[in-house]
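Remarks on the structure that follows.
The values are calculated or read from the model by the stated rules, or taken from the named source; none is laboratory data. The model shown is predicted, which means the values in this text are computed figures rather than measured ones. No Cβ is skipped: glycine too gets one built from the backbone with ideal geometry, and neighbour counts run over all protein chains shown. With ligands, DNA and RNA removed, areas are computed over all heavy atoms of the protein, side chains included. Shrake-Rupley method; radii C 1.70, N 1.55, O 1.52, S 1.80 Å.
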Number of protein chains: 2
Amino acid sequence: MSYRTHHCGELRRKDVGTTVKLAGWIQKGRNLGGLTFVDLRDRYGITQLVFNMDTNPTLCEKARALGREFVVMAVGKVAERSNKNPDRPTGDIEIEVENLTVLNKSAVPPFTIEDETDGGEELRMKYRYLDLRRDPIQKNMLFRSKLALETRKYLDSVGFAEIETPFLIKSTPEGARDFVVPSRMNAGEFYALPQSPQTFKQLLMVSGLDRYFQIVKCFRDEDLRADRQPEFTQIDCEMAFVDREEVLNTFEDLTKHLFKATLDVDLADFPRMDYQEAVEKYGSDKPDLRFDLQIKPLNELVKNKGFVVFDKAEYVGGICVPAQAENWSNKDMKKLTEWVQRPQIGAAGLVYSKFQQDGSIKSTVSKFFTDDAQSEWLNHFGGEKGDVLLILAGKKDKTLKQLGELRLEMGRRLELMDSSEFKPLWVVDFPLLEWDDETERFYAMHHPFTAPTEEDREKMNYTDREVLKNLRANAYDLVINGAEIGGGSIRIHDRQLQQQNFKLLGFTDEEAESQFGFLMGAFEYGAPPHGGIAFGFDRLCAVMNHQNSIRDFIAFPKNNMGRDLMIDAPAPVDKEQLNELRLKLIPKKD
Amino acid sequence: MSYRTHHCGELRRKDVGTTVKLAGWIQKGRNLGGLTFVDLRDRYGITQLVFNMDTNPTLCEKARALGREFVVMAVGKVAERSNKNPDRPTGDIEIEVENLTVLNKSAVPPFTIEDETDGGEELRMKYRYLDLRRDPIQKNMLFRSKLALETRKYLDSVGFAEIETPFLIKSTPEGARDFVVPSRMNAGEFYALPQSPQTFKQLLMVSGLDRYFQIVKCFRDEDLRADRQPEFTQIDCEMAFVDREEVLNTFEDLTKHLFKATLDVDLADFPRMDYQEAVEKYGSDKPDLRFDLQIKPLNELVKNKGFVVFDKAEYVGGICVPAQAENWSNKDMKKLTEWVQRPQIGAAGLVYSKFQQDGSIKSTVSKFFTDDAQSEWLNHFGGEKGDVLLILAGKKDKTLKQLGELRLEMGRRLELMDSSEFKPLWVVDFPLLEWDDETERFYAMHHPFTAPTEEDREKMNYTDREVLKNLRANAYDLVINGAEIGGGSIRIHDRQLQQQNFKLLGFTDEEAESQFGFLMGAFEYGAPPHGGIAFGFDRLCAVMNHQNSIRDFIAFPKNNMGRDLMIDAPAPVDKEQLNELRLKLIPKKD
């Protein structure tokens, strides 16, 4: 027995007169006098079924008894609709039903299965299989499937082979926390789930597989900030015998192809910006270039004029917000000051100068700076009457970051980000090392396998902390609309250099050997120069659809506590199961 | 700087005269008088480099100093070879090298990087990155990549969407043992790694996603028999609104497509055989149809003739081996008897009748059966002079299994399996339930979500063990050349029926609810009829290449103890890491 001859998005006027069988879910029903109309839904669309009380009252009664989300099979004849629905591809026709079978009933869903649902986040997660029936979420899933396939087809067409790397690997204390997996056959020992296939893809290059990719799940046991998931998907890539240029061009081409193939969007060539410039102009290593509002330093203009806050600050800088001087009240300015003082931003205070249309200036620092002085600042920004200068001061790194946040907030409030636009960007020349004051050591900004730039390689021999802080890595990030979409680097392929890097990162020789000896060993057997990149696939899906939440692109996401509310995981396991693993639970301390 | 203008498999006679740059590994070198030839290898092929001692002695000396597996970059002119190599696509040309750069040296590899290597299994696993340089293994990896892509392209073309299901799910005691993953954020609780995405793909059908697939890693913590891996890959598929016919046709078409697209092999329509027939004729639910040698029952011919072994046996049956009567000595027969008595086979003994060309019969049971009686057996098999009947007796199930093993052994010894042939087969109508004498309960032969056939559904209400044993499932396996390639079923989509099945499997209502409540809950909200299949992707790769070992199709496999010898995992973890998980190791008892 076949359940259907067509799906619910398929029938058109040309099919009028043919007898068809459809199956799907009841979206809704309407009774109009002697006629009952029922919308039948499946993944492909909605088709209207019609029942006539005059010609077949029994069948019509049966149709009237159908509830929302009932699963039915209907046989009938395709007829032209008198009252066409131009918003629906099947809107020209309807099915005059002759036979109706209820395949399964449905209880009343806990929220409405509509584009805009009344279900809250928790409820939608618990009944995810119902949330997934909603058209916007289904579209996201189908987009994701298509994007993955296009990625694979494109990478295959330029010589990449998809090679699966293992999920049960070894835990390393470096980087984020691993999820571990106790081994039963080797009780007392543990596998770890990969945070990325980094070392394996490098070994594939040592193997001569030349061009590798994989769309692959990765795992990080982190405290989940908003919109992070403990398991996430990467497009992971690596190439042998390449320099940075070739990597960037290859993946710029991939990105352009994906936008064209899935969205029919033509992206222009991606600009490049070095890390230093990104931080100084946008206060971020992932600038959103959909709007300008650049940060400028004011040190030279404001220092040693008697305002102690500026004088003692390492850095003073600001942004010039256009045409808001007359719009923003004192109360608005007070609120904005409070906004930059929130712990998430952490500025000490906000200095502003409002340049009124009448030539006057309203400023928090008029006591210290003349109107002329402030006008000079405005000129520095290329601003004009009506603009507002927002100025922060303090440690350079932190202040730039705060200004970056302020810039984004202004972008959002003033709706400066065109929500239909895409602005990709390569950020290059990241620092190799990041100093951490707390643990008093360097950490790898990207990861310990990143090579320094050719020019800075010699600096690896220095011990001076300031020199090392400025050591540039041959690393790059792909940023689109202010979101980090991908990141990668040219890798170290020389044992000595790798050892040196581990030493800079505070590894003893023994630690380096026990954790990454297999990789350094591999470098002794003819490792080619190589480099690669990994794209955050969940984020890419969201950004390409101008959506903020990656959860809506993941079929079965977890909540902020790492719980799957639908299946109720994680969950306790039997004591015997733990015994087999030679494990015991330490009782909870209350 | 670019490392190469071409790869090592690319240059042809038409390129003669052009200057090129190549990069790769030194395969080997030969010094012939004034000329030195070096084979340069990469993933794409081998190109010969030539150095002339007369014209450039310095460069030639440099080339002579190169060791195997050194990584080099060579610039030179493409020249036509006087001594062509027709076995190599680049065999018409060589590169007259003008410039040579050593990009990386190599220590002497622990085994030879050749098609046939001198490296043992352990050594090859430890240095897997070198083993992966060997051409047969690289070909396997590239085949796998191609097969995966063709699978995706085909399934996409017939409306399947690839949807990722979670890896951090919930442990269920049913089926094989789970790998568990302790949760830190929910300390004391555990995730499990999926043995398959079974429940999730069913939920996607409830969601109306209609046609799902995924090429996905699955995990089983089993004691590893030969050629099993704790992590393995499935092509996992599910369809809504289908009956068995539609599933079988869809995946028969997929299989045919894959053989055509990757091997250029046209497969004929797949025969179907029910489970009962497979077991009775081939002693196996995965018959190798590349050779005949069918099992036949002999009960009616041999019972109650005074031979107590046959008389007391539930089942007597045999196979007729052609044309070996004169070849097999008494010693051979003794050895064969010992073979069936090995614990892996477990037969009590072997009865045989050799039908000599001169008409005489040599048999172990001549005392009990006349030549005429034995000739009647031979006729029963359609055999002829020169053939040998091999007969086993005992419990029916076990004896058929033993005969199945014996049949396969004869197939191997007499080379009856054509190693270039593919014989696919659908085995259908498996039993729903398997009784286990030890635990005194039924287990699901496929899994607890498998529906009974329409005809047998009513038998679910019985309690009689014999009736339940014969209850047929709407389940099917795809078998190729005696290997199980895929298996699936039409699923239960009705809450009551699912509950009934759990009850037959010995679940209390509470157990069923706590483990699979989310699925039964989903069935209440309009679950459509659905079914699917999963292919063992590693095995499919191996069978399509007529190879026995799945390890050679896995980039980084584990050994029989579940260890990755290259990275040395699993491994101990820090005590602090365990503390965070509220876990303590139980000390080993010696």
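Key figures
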{"item": "Residue match in region A:191-202 (condition: β-branched (Val, Ile, Thr), open to solvent by 10 Å² or more (accessible area, probe 1.4 Å) and within 26 Å of B:Phe160 (Cα to Cα))", "result": "no"}
{"item": "Lone qualifier among A:Arg472, A:Arg412, A:Arg407, A:Arg457 - being without any contact (Cβ under 8 Å) to a residue 12 or more places away in the chain and either open to solvent by less than 10 Å² (accessible area, probe 1.4 Å) or not acidic (Asp, Glu) (or both)", "result": "A:Arg412"}
{"item": "Where a residue in region B:221-246 is farther than 18 Å from B:Gly208 by Cβ and among the β-branched types (Val, Ile, Thr) and its partner, wherever it lies, is assigned to a loop (DSSP other than H, G, I, E, B) and open to solvent by less than 60 Å² (accessible area, probe 1.4 Å), with Cβ under 9 Å and at least six apart", "result": "B:Thr233/A:Glu164; B:Thr233/B:Ile554"}
{"item": "Number of positions in region B:103-124 that are in contact with a helix residue (DSSP H, G or I) (Cβ under 8 Å, 6 or more places away or on another chain), within 11 Å of chain A (Cβ to nearest Cβ) and open to solvent by 20 Å² or more (accessible area, probe 1.4 Å)", "result": "2"}
{"item": "Qualifying residue in region B:232-243 (condition: open to solvent by less than 10 Å² (accessible area, probe 1.4 Å) and among the small types (Gly, Ala, Ser))", "result": "yes"}
{"item": "Residue tally, condition assigned to a helix (DSSP H, G or I) and either of a type outside the set (Lys, Arg) or facing chain A (nearest Cβ under 7 Å) (or both), over region B:539-590", "result": "12"}
{"item": "Odd one out for B:Val573, checked against (1) touching a Phe, Trp or Tyr at 6+ places or on another chain (Cβ under 9 Å); (2) at pLDDT 95 or above; (3) buried (at least 21 other Cβ atoms within 10 Å of the Cβ); (4) not small (Gly, Ala, Ser)", "result": "(2)"}
{"item": "Some residue of region B:523-535 being of a type in the set (Gly, Ala, Ser), open to solvent by 10 Å² or more (accessible area, probe 1.4 Å) and more than 7 Å from chain A (Cβ to nearest Cβ)", "result": "yes"}
{"item": "Residue that is farthest from B:Ala278 (Cα to Cα), among those in region B:483-503 that are of a type in the set (A, V, I, L, M, F, W, C) and surrounded by 19 or more Cβ atoms within 10 Å (Cβ to Cβ)", "result": "B:Phe502"}
{"item": "Complete set of residues in region A:6-60 that are more than 14 Å from every other protein chain (Cβ to nearest Cβ) and touching an Asp or Glu at 6+ places or on another chain (Cβ under 6 Å)", "result": "A:Arg13, A:Val16, A:Gly34, A:Gln48, A:Val50"}
{"item": "Filtered residues of region B:506-525 (kept if within 35 Å of the chain's Cα centre (by Cα) and not in a loop (DSSP other than H, G, I, E, B))", "result": "B:Glu511, B:Ala512, B:Glu513, B:Ser514, B:Gln515, B:Phe516, B:Gly517, B:Phe518, B:Leu519, B:Met520, B:Ala522"}
{"item": "Matching residues in region B:29-44 - criterion: being assigned to a loop (DSSP other than H, G, I, E, B) and more than 24 Å from A:Met205 (Cβ to Cβ)", "result": "B:Gly33, B:Gly34"}
{"item": "Filter result (within 12 Å of chain B (Cβ to nearest Cβ) and surrounded by fewer than 20 Cβ atoms within 10 Å (Cβ to Cβ)) within region A:244-258", "result": "A:Glu245, A:Glu246, A:Asn249"}
{"item": "Checking A:Glu69 against (1) open to solvent by 20 Å² or more (accessible area, probe 1.4 Å); (2) at positive phi, the condition it does not meet", "result": "(1)"}
{"item": "Single condition B:Glu510 does not satisfy, out of (1) more than 8 Å from chain A (Cβ to nearest Cβ); (2) within 25 Å of A:Phe179 (Cβ to Cβ)", "result": "(2)"}
{"item": "Any strands (runs of 3 or more DSSP E) falling wholly within region A:125-243 and containing at least 3 residues that are more than 7 Å from chain B (Cβ to nearest Cβ)", "result": "A:211-219, A:231-240"}
{"item": "In region B:513-522, residue surrounded by the most Cβ atoms within 10 Å (Cβ to Cβ) [restricted to those that are of a type outside the set (A, V, I, L, M, F, W, C) and more than 9 Å from chain A (Cβ to nearest Cβ)]", "result": "B:Gln515"}
{"item": "Residue within region A:70-81 that is modelled with pLDDT of 95 or more, in a loop (DSSP other than H, G, I, E, B), within 14 Å of chain B (Cβ to nearest Cβ) and under 38 Å from the mean Cα position of the chain (by Cα) present", "result": "yes"}
{"item": "Region A:171-191, residues that are out of contact with any Leu (no Cβ under 7 Å at 6 or more places or on another chain) and in contact (Cβ under 8 Å) with a residue 24 or more places away in the chain", "result": "A:Thr172, A:Pro173, A:Glu174, A:Gly175, A:Ala176, A:Arg177, A:Ser183"}
{"item": "Output for region A:337-369, where each listed residue is in contact with a helix residue (DSSP H, G or I) (Cβ under 9 Å, 6 or more places away or on another chain) and of a type in the set (S, T, N, Q)", "result": "A:Gln344, A:Ser353, A:Ser360, A:Ser363, A:Thr364, A:Ser366"}
{"item": "Selection status of A:Glu98, farther than 30 Å from A:Tyr129 by Cβ, away from every other protein chain (no Cβ under 12 Å), modelled with pLDDT of 95 or more and in a strand (DSSP E or B)", "result": "yes"}
{"item": "Condition met for B:Asp223 (open to solvent by 20 Å² or more (accessible area, probe 1.4 Å) and more than 29 Å from B:Arg441 (Cβ to Cβ))", "result": "no"}
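Here is a yes/no grid of residues against (1) part of a strand (DSSP E or B); (2) over 30 Å from A:Lys469 (Cα atoms); (3) at pLDDT 95 or above:
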position: A:Glu338; (1), (2), (3): no, yes, yes
position: A:Ser353; (1), (2), (3): yes, yes, yes
position: A:Gln374; (1), (2), (3): no, yes, yes
position: A:Gly383; (1), (2), (3): no, yes, yes
position: A:Ala393; (1), (2), (3): yes, no, yes
position: A:Lys398; (1), (2), (3): no, no, yes
position: A:Gln402; (1), (2), (3): no, no, yes
position: A:Gly411; (1), (2), (3): no, yes, yes
